[in-house]
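Participant: I'd like to ask you about the structure that follows.
What follows draws every value from the coordinates through simple rules; no lab data is involved. None of these values were measured; they are calculated from a predicted model. FYI the Cβ positions are ideal-geometry reconstructions off the backbone, even for glycines, and counts take in every protein chain you see.
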Amino acid sequence: MMSEQYLLDRIVLNPNVMVGKPVIRGTRLTVEYILNFLAHGATVGEILQEYVGLVEEDIQACLLFASESLSSVFFVPMEMEMA
């Protein structure tokens, strides 16, 4: 099992690439783009097949980056949901 830091090092932020959005190192594929694929039912295998050069660790890195990003976000409901 690889370390979290190893995975997170696969994600880079550069203001000159994709307007500074987090991308997979060496690509212009944003974390958001990969997560959107997964959210709409694409499998890791399908993504890897579509984007030659990506490896499974790149997809894991996107998931970890998103998880770490959300860990410091606080959500405040705009209105109460009635059950």
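Participant: List, please: which pairs have Cβ atoms under 8 Å, are six or more places apart or on different chains, and start with a residue in the stretch 42-66 that is in contact (Cβ under 8 Å) with a residue 12 or more places away in the chain and more than 11 Å from residue 10 (Cα to Cα) and end with one that is exposed (fewer than 12 other Cβ atoms within 10 Å of the Cβ) and of a type in the set (A, V, I, L, M)?
Facilitator: Close Cβ pairs satisfying both conditions: none exist.
Participant: Would you pick out the residues in the stretch 31-43 that are under 26 Å from residue 19 (Cβ atoms) and surrounded by 10 or more Cβ atoms within 10 Å (Cβ to Cβ)?
Facilitator: 31, 32, 33, 34, 35, 36, 37, 38, 42
Participant: Can you confirm whether residue 32 is in a helix (DSSP H, G or I) and under 14 Å from residue 65 (Cβ atoms)?
Facilitator: So residue 32 passes the test.
Participant: Here's another thing I want to ask about it. So how many residues does the stretch 10-29 have that are free of Cβ contacts under 8 Å to residues at least 40 places away in the same chain and assigned to a loop (DSSP other than H, G, I, E, B)?
Facilitator: Adding up the residues that qualify gives 11.
Participant: Every residue in the stretch 49-83 that is surrounded by 10 or more Cβ atoms within 10 Å (Cβ to Cβ) and more than 14 Å from the chain's Cα centre (by Cα), please.
Facilitator: Matches in the stretch 49-83: 49, 50, 51, 53.
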